[in-house]
Amino acid sequence: MPDGPEEISAAIARLREGGLVAFPTETVYGLGADALSERAVDRVFAIKGRPANNPLIVHVSDIEMARRAAREWPFAAQKLAAAFWPGPLSIIVPKSSVIPTNVTAGADSVAVRCPDHPLTLALIEAFGSPLVGPSANPSGRISPTTADHVRESFSPDLVYVLDGGPCRGGIESTVVDVSGTQPRVLRPGLITPEMLANVLGQPIAGPGSNRIDMAAAGALPSPGLLPQHYAPVSPTHLIDRSDIRSMDAGAVLLVFDPIPDRRCIVMPREPLPYAARLYSALREADAMQPALIAIERPPVGSTEAERSVWLAIMDRLSRAAALSE
Ligand code: TXA
Ligand code: MG
């Protein structure tokens with residue numbers, strides 16, 4: 001049974017004390033705290049072990065609440081929010097002074113997003129004020145897509161978990177920056193550059209190939225874009241289909257077709273179901289404590305929409321594999 005009004009009240013009591021509440025969204029579970037309380041936000045960084053230079057997304061229940069977190073509300077932000085909210089899109093806009101500086105890691109811009117989950121929309125609306133919501137996992141590890149995933153990482157006295165069932169989308173929101181002259185995607189997701197361009201009527205800049213250099217230089221393009229993110233504990237490798245069978249016998253294989261006598265997790269062939277399954281599959285693989293996790297390289301896709309979703313998935317897969325390379 002998913003949680004309801006009673007659990008929402010308990011969650012709000014926690015938030016009012018400056019405590020932490022994990023909430024479901026259509027992408028992954030978030031680790032919520034009062035976005036207007038510097039101390040509550042500090043607790044989020046501490047419990048995740050998150051570097052203080054990695055800014056948090058501010059979660060709102062409607063456009064009005066987003067506008068209160070923004071110093072300016074560009075027309076592009078209005079168009080994108082009207083088209084895609086509630087939904088898996090975080091929009092970076094100039095930051096209002098009501099948002100404490102630790103939320104944005106000192107940056108003058110803030111990411112706002114209205115998540116598409118009835119329980120969490122009801123929570124934020126009843127709280128009456130925005131919540132920060134990084135993915136509810138220790139920094140650098142796999143994002144949670146079920147309430148149990150969150151409970152595996154954080155004890156109930158530290159984090160109250162609202163259970164809204166498994167997340168439908170499975171990978172984190174698209175992050176788009178509209179605070180400059182050309183809109184730019186900083187993190188790819190299920191809302192694709194083509195979808196954004198269609199609404200804005202202008203081209204979208206992609207995640208730059210120099211993003212790691214930018215991060216190393218201390219700029220903050222989107223520190224979640226550092227290579228060592230979303231990683232299992234076991235060494236993880238992306239493998240071409242032709243090489244999968246020759247992997248070490250101790251490996252767990254994430255493949256599209258089962259291989260007899262091997263430990264396999266069979267993945268969906270379509271990109272959206274694959275995204276929804278990915279993080280739980282990586283957690284299951286990791287729990288088997290294999291010598292390594294070998295992930296069969298996904299296809300590129302045949303339509304533009306498929307290609308964009310596979311690219312967002314590849315972004316996560318290459319980061320999952322980056323730790324062990
Ligand atoms: O789907 C999601 O976005 C989930 C759910 C819970 O809403 N949240 C999430 O948060 O993925 P997190 O903290 O794990 O990732 C936020 C990403 C990071 O890469 C961060 O660097 C970037 O957004 N970000 C946040 N605020 C930013 C800002 N002001 N400028 C640039 N990047 C920002
Ligand atoms: Mg995260």
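Points to keep in mind about this one:
- Antiparallel bridges, percent of DSSP beta bridges restricted to the chain (to nearest 5): 40
- With R₀ set to 51 Å, the beta-carbon distance separating M288 from S97 gives a calculated FRET efficiency near 0.55.
- On Cα atoms only, tilt of 304-322 relative to the major axis of the chain in degrees: 80
- In Hz, Karplus ³J(HN,Hα) per residue of region 59-65 (6.51, -1.76, 1.60; θ = phi - 60°; x = Gly, Pro): 9, 10, 9, 6, 5, 4, 5
- Whole-Hz couplings from phi, Karplus 6.51/-1.76/1.60, listed for region 151-162; x for Gly and Pro: 5, 5, 9, 10, 6, x, 6, 8, 9, 7, 9, 8
- Per residue, the average separation of C-alpha pairs within less than 8 Å and at least 6 apart gives the chain a relative contact order of 19 percent.
- Exposure of H237 as accessible area (Å², to 10), given a probe of 1.4 Å and all protein chains: 50
- Unit charges at the beta carbon, dipole of the chain: most positive-side option, P258, P118, L20: L20
- Rounded tilt (10° steps) of 75-84 against the dominant C-alpha axis of the chain: 60
- Against the chain, whose longest principal axis is taken from its Cα atoms, helix 5-16 shows a tilt of about 70°.
- Its DSSP H runs of at least 4 residues, each contributing -39,500 (n - 2.57), put the calculated 222 nm mean residue ellipticity of the chain at -10000 deg cm²/dmol, to the nearest 500.
- Principal axis analysis of the Cα atoms in region 236-320 yields extents of 37, 24, 19 Å, listed in decreasing size.
- Rounded to the nearest 20 debye, dipole of the chain from Cβ charges on Lys, Arg, Asp, Glu: 500
- Amide hydrogen neighbours beyond the local backbone of G30, cut-off 5 Å, H modeled: F23, T25, A136
- Ranking C114, C264 from most to least accessible surface, computed with a 1.4 Å probe over the protein chains only, gives C264, C114.
- Here's how it looks for S109: its modeled amide H is under 5 Å from those of K95, which are all 5 or more places away or on a different chain.
- For the set S302, S308, S153, solvent exposure ranked by accessible area (probe 1.4 Å, protein chains only) runs largest to smallest as S302, S153, S308.
- Once backbone amide H atoms are built at 1.01 Å from N, I57 has G133 as its partners under 5 Å, excluding neighbours fewer than 5 places away on the same chain.
- Using θ = phi - 60° and Karplus 6.51 cos²θ - 1.76 cosθ + 1.60, couplings along region 126-135 (whole Hz; Gly, Pro as x): 5, 5, x, 7, x, 10, 6, x, x, 4
- When W73, W310 are compared by accessible area of protein heavy atoms, the largest-first order is W73, W310, using a 1.4 Å probe.
- Three-way shape call for region 5-200 based on the alpha-carbon gyration tensor, with the a/c threshold at 1.5: prolate
The values are calculated or read from the model by the stated rules, or taken from the named source; none is laboratory data. Because the structure is predicted, anything quoted here is derived from the model rather than measured. Because the Cβ atoms are built from the backbone with ideal geometry, glycine has one as well, and the counts that use them run over all protein chains shown. Surface areas here come from the heavy atoms of the whole protein model, side chains and all, with no ligands, DNA or RNA. Shrake-Rupley method; radii C 1.70, N 1.55, O 1.52, S 1.80 Å.
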